[in-house]
Amino acid sequence: MFEPCTDIVCSFWSMLNQGPMTLTIILHTLIVLPMIWIYFDEKKKLQSGE
Amino acid sequence: MENKPTSVWTSNRFWRRSATWITGVAAVLLILLTFDSMGQMQMGTAEDIQNKVTKRIPSPVVINYKIDYVLDPYRGHEVPIIGGKTVDSATGKVSSKFEEKEKFFGRDDWSEEEARALIHKGKLTIQAKNCMDCHTLLGNGAYYAPDLTKAWLDPAWSSEGPLQAMTGANSKEEAMATFLQNPDKYPTHERMMPNLGITPEEAKAVVAYLKFMSAIDTNGFPRNFGKIKGAVDARK
Amino acid sequence: MQGNRLYEGQKLALKYFTVAIVLFGAQLLFGLIAAIQYLYPSFLFNTLDFSIARMVHINALVVWLLYAMIGAVYWLLPDEAGVEVVGVKLGTLAFYILTAAVAVVVLVYIFVQVGPGNEMTLWLITEGREYIEAPRWADIGIVAVVLVFLYNVYATVLKGKHSGILVVLMADLIALAGLYLAGMFYTDNIAVDQYWWWWVVHLWVEATWEVYVAAVGGYILIKTLNANRQVVEMWLWIEVAMMFGSGILGLGHHYFWIGTPEYWWEIGALFSALEPVPLVGLFVHVLYDWGKERGKGNSIKNIPAFAWLTVETFGNFLGAGVWGFMHTLPQINLYTHGTQWPAAHGHLAFFGAYVAIMISAIYLAVQGKAGLKEMKMTKAGWWAISLITVGVLLMTVSLTLSAYTQTMVERGMHGATWEGYFIAQANKWFVQGMGWRLASGLAVVAGYALLVYDLLTVTKKQPAEVTEGEAAVQTA
C-alpha cells in the first residue's frame, strides 16, 4: 500500500508522491475543495437578495 | 444595468472569488515547493564528498573523480556515479563510492576553491558564447547541435572514440579543449561548430563545467546514454 | 483624417504596434536564415551563425509580442476606463527609450555576437540564456520602462471605471513584470539557473500571457461582436481560475530533468495536462458568442480582427494545448526533451496563442484610427491570414515529423550520443521535414508582406456603404 520513497532526499512532498495521481490529487483537492464553501456562501447571498 | 444572476454558476462574483482563491493557493504551493527544491539543489561541498553524501548537484571537486552513468534499479533510471559504485544487495540501489580518481588536465587534487573558480569561468563562458542557442544543456536550449548534459561521458570522446583521435590529444579533456578552441578546423560533419574565439583558459573551464554537469543527477535524462551500440536505422 | 478622435494613449498604442510589426518582420527574416542553415550549414557560417540567427529570431519574437501587448493595453485602457491615459507623456518617453535600447541590443547581437567569458559580457553583450539573452543593462532598462507602463495603467484605472477586464489586466501585468526579476541574476549552479529561468519563461507564456490573452480577447469580442460584457467577464474569471490553477503548478513539467527532485514528475505531468482545458473554454466561448450574435442578425464590426481571433482560439488550443500535451508526460518527455518536439510545439503555440491575437488587436486599432464603424476583409487580408496560418500549421507538422524521427532514432535507438544525434539529423525523414519547414516559412514570409500591405491600406479599400456615416468606434 505505502510506497517507499526512492528519491535522493525524502522530503514531505516526496512522501506524498505515491506514484501517479496521489500527490496531484492531494494538491488539486486543496485547490478546488474550498470552492464548495465559496459556492454555498454565494448561494446564501443570492437567496437573501444581496 | 447589471442583470441579476439567477444561479451561482452564472454569477461573476462566484467565479471572481474562485479565481482569486485558486490563484492564491497555487502560488503558495509553488513557493513552498520551491523552498523544498532549492534546499535539495544547492551545490554540494568537498566535505559532502569526503563524507560520501550524494547531492543532486555535487561539489565541483568531482572533476578529480571518475564519473559514470549507470542504471539504478532501485530508482528505475540511470544515475551519475562518482568515483566508483557500490550496489546494495537487498534493494539493488546503486551509490557512488567517491573513491576512484581520474586525472583532469594532469591533476586529481584540484582543491574546492580551484575547482569552483574553474567552473565559475566555465559557466560564464558558456553564457558569453551563447552555447544554449545551438546546443541543449540539461535538455534546454536549441536543437542545432548535440545535447551537452552528459557530453563528458560521450563514447565519441573516449580514448577509442573518433573525436579524440581527430584532435591528436592524449586525453579526453585535452581533446575537448583543443576542439573548442578551433572547432572549424576539426569538422565532423557538414554542420560545424563556428569559431567563437574561445581562449585556452576558457576552453579548459568549459570542459571542467561539462565534467561537473555530467555528475548532476538529472533523474535519468538522457535515457540509455551511450549504452546502445550498433543500432541500425529502420529506413534512412 | 479622423485620427484626432483618438485618445492620446491610443496614439501611443499605434507607435507600439508599428515597432511590433517591424520586429515581427525581423523575427521572420532571422527564422528563415536559421531554417536555411539546417539544410545548408555553410550558409553564413562563421559570419552569422545559427546561434545568432536563432537568438535574434526568438528575441525579436518575445520583444515584438511585448510591444504589441503594451500597445493593446494602451489601446483599450482609455476606452475601458473612459478617461485619458494618465502619464501618457511619460509613456511616450519610455517608448522612445525602450525602442532605442532594443535597437542597440539587436545591433550588438548581430555585430558583436559573443564576448569573452566574464561578467562584463553578461552586462554588455549577452546573458546567453535562451529567450532572455538581453544583457543586464537592458534588463534594468526594461524594468524601468515597465514600471512606467504599470504606473500609467494603475493610475488610469484608479481614475476611471474599473471594468472586470481592467481588474484582471492590472493583477496580471504586475505578476508578468515581477516575474522578469527572477531571470536577472547569475549563478554557477546550472540547475538553479534553469529553475528560475523557467519561472520567467513558463510563468510568462503558460500563465500570465495566457490570462492577458483572455482579457484582451474578451475586449475584442465586445468590440467586434458587441458581446454581452457580463458574460464575457464571467468567462474571463473562469479562464483565470483554470489557467492559473493549471498553469502555475504546470511549471513542474520543466522540472523533470534539470537536477530537481522527482516529485515534479507527477506535479508537472498532471497539472500541465489540464492546461488545454481553459483553452477549449476560450475556443467554445468565442464560437458560441459568434453564433449567438449571428442568430440575432448582428454583423461583425471588424471581420479581419475577428478572423484573427478565431485563428487564435484554434491555434492556442492546438499549439499550446494539444501539441503541448503530446509530450508533457515524463515517460514521453524523457525521450522528446531537447529534440525538435518542443520546436514544433513552440512554433504553433506562440503563433496560435499570441501572434494571432496581437494581429487581431492591431486590426482593431487600424479600424479605430480611421474611425470606421465596420471593417470588411480585403483580398490581401484574406491571403495574408490564409498564407500565415496554413504556413505555420504546415511548419508545425513538418517539425513534428522531424521530431518523431529524432526522438526514435537519436533517443530511442542510439541513446542520445553525439553520434546518435548526427545519425538522426541525417535521416531522410528528418531532412525532408526540415525542407518542408523552410518551404512553409517562405509562405509565412509572403503572408507577412501581404499583412503589412493590408494593415496600411485596408481602411482605404472599404466598400462605400461602410465608410459612410461613420461614428467613432472607440467613443461609442
Any hit, the range C:9-18, residues being touching a Gly at 6+ places or on another chain (Cβ under 7 Å), touching a residue at least 12 places away in the same chain (Cβ under 8 Å) and either within 11 Å of chain B (Cβ to nearest Cβ) or not in a helix (DSSP H, G or I) (or both): no
Which numbered condition C:E133 fails, given (1) away from chain B (no Cβ under 14 Å); (2) touching an Asp or Glu at 6+ places or on another chain (Cβ under 6 Å); (3) among the acidic types (D, E): (1)
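So, C:G420, is that one surrounded by fewer than 20 Cβ atoms within 10 Å (Cβ to Cβ), more than 24 Å from C:L28 (Cβ to Cβ) and at pLDDT below 95 or not?
Working: surrounded by fewer than 20 Cβ atoms within 10 Å (Cβ to Cβ): no; more than 24 Å from C:L28 (Cβ to Cβ): yes; at pLDDT below 95: yes.
So C:G420 does not fit the description; no.
If only one of C:L251, C:L225, C:L236 is within 7 Å of chain B (Cβ to nearest Cβ) and either in contact (Cβ under 8 Å) with a residue 24 or more places away in the chain or touching an Asp or Glu at 6+ places or on another chain (Cβ under 9 Å) (or both), which one is it? Can you show your working first?
Numbers: C:L225 fails: within 7 Å of chain B (Cβ to nearest Cβ); C:L236 fails: within 7 Å of chain B (Cβ to nearest Cβ).
After ruling out the rest, the residue left standing is C:L251.
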Residue within the range C:234-255 that is outside the structural domain of C:L124 (by TED's automatic domain parsing), among the aromatic types (F, W, Y) and within 19 Å of C:I332 (Cα to Cα) present: yes
The one condition in (1) without any contact (Cβ under 8 Å) to a residue 60 or more places away in the chain; (2) among the hydrophobic types (A, V, I, L, M, F, W, C); (3) closer than 30 Å to B:C134 by Cβ; (4) part of a helix (DSSP H, G or I) that C:I97 fails to fulfil: (3)
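Only one of B:V25, B:V87, B:V79, B:V94 is surrounded by 19 or more Cβ atoms within 10 Å (Cβ to Cβ) and away from chain C (no Cβ under 13 Å). Can you tell me which?
Values: B:V25 fails: away from chain C (no Cβ under 13 Å); B:V87 fails: surrounded by 19 or more Cβ atoms within 10 Å (Cβ to Cβ); B:V79 fails: away from chain C (no Cβ under 13 Å).
From the options B:V25, B:V87, B:V79, B:V94, the qualifying one is B:V94.
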Residues that are within 7 Å of chain C (Cβ to nearest Cβ) and out of contact with any helix residue (DSSP H, G or I) (no Cβ under 6 Å at 6 or more places or on another chain), drawn from the range B:141-160: B:D147, B:P155
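Restricting the search to the range B:206-224, which residues are over 11 Å from the mean Cα position of the chain (by Cα), at pLDDT 90 or above and within 7 Å of another protein chain (Cβ to nearest Cβ)?
Keep residues of the range B:206-224 that are over 11 Å from the mean Cα position of the chain (by Cα), which gives B:206-208, B:223-224.
Those still in the list that are at pLDDT 90 or above too: B:206-208, B:223.
The answer is B:R223, and nothing else.
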Residue among C:S402, C:S398 that is more than 10 Å from chain B (Cβ to nearest Cβ), surrounded by 23 or more Cβ atoms within 10 Å (Cβ to Cβ) and touching a Phe, Trp or Tyr at 6+ places or on another chain (Cβ under 9 Å): C:S398
Number of positions in the range C:265-278 that are more than 9 Å from chain A (Cβ to nearest Cβ) and either modelled with pLDDT of 90 or more or closer than 23 Å to A:D7 by Cα (or both): 2
Output for the range A:1-33, where each listed residue is away from chain C (no Cβ under 12 Å) and surrounded by 11 or more Cβ atoms within 10 Å (Cβ to Cβ): none
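The values are calculated or read from the model by the stated rules, or taken from the named source; none is laboratory data. Not measured: the values here are computed from a predicted model. Positions of Cβ are generated from backbone atoms using ideal geometry, with glycine treated the same way; all protein chains shown enter the neighbour counts.
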